[in-house]
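Below you'll find the structure, written out as structure tokens, and then a few comments.
Each value in this text was obtained by applying a stated rule to the coordinates, not by laboratory testing. Please read these numbers as outputs of a predicted model, since none were measured by experiment. Neighbour counts run over all protein chains shown; Cβ positions are idealised from the backbone, glycine included.
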Amino acid sequence: MILLFLVTQMLPATVVLTPLFIAFNELAILNSYWAPILATSTLGIPFSVLILRTFFIGIPRELEEAATIDVATDLPHSSA
């Protein structure tokens, strides 16, 4: 999965924008606020995942163990 994110970072933005334009045109969101939001997310999320993955791997295991002692759980509880 990380390799897929790395490959998307190696592609120039112009290569990605042409298929996005065609997809946005077919979805009829070409002249809406959603088009630039989705385009920016498409180009920015792989980079964010790579940076955040490195950060989360660097968090010490002892910190998670200390949080477990303080009754922290792995997933947040929903109020519903």
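Any idea what diffusion coefficient the chain gets from Stokes-Einstein, in µm²/s, Kirkwood Rh on alpha carbon pairs, 25 °C, 0.890 mPa s?
Numbers: Rh = 15.9 Å.
For these conditions, the coefficient is 154 µm²/s.
Can you check what the Kirkwood hydrodynamic radius comes to for segment 15-57, Cα pairs only, in Å to one decimal? Kindly include the intermediate steps, with their values, before the conclusion.
Numbers: mean 1/r = 0.0869 Å⁻¹.
It works out to 11.5 Å.
A helix-only calculation puts the chain at -22500 deg cm²/dmol for mean residue ellipticity at 222 nm, using -39500 (n - 2.57) for each DSSP H run of at least four residues, averaged over all residues.
For the chain, complete DSSP H runs whose alpha carbons reach 24 Å or more along their own long axis and whose mean Kyte-Doolittle score is -0.5 or higher are 34-57.
For the chain, the dipole from Cβ point charges (+1 on Lys and Arg, -1 on Asp and Glu) about the Cα centre works out to 360 debye, to the nearest 20.
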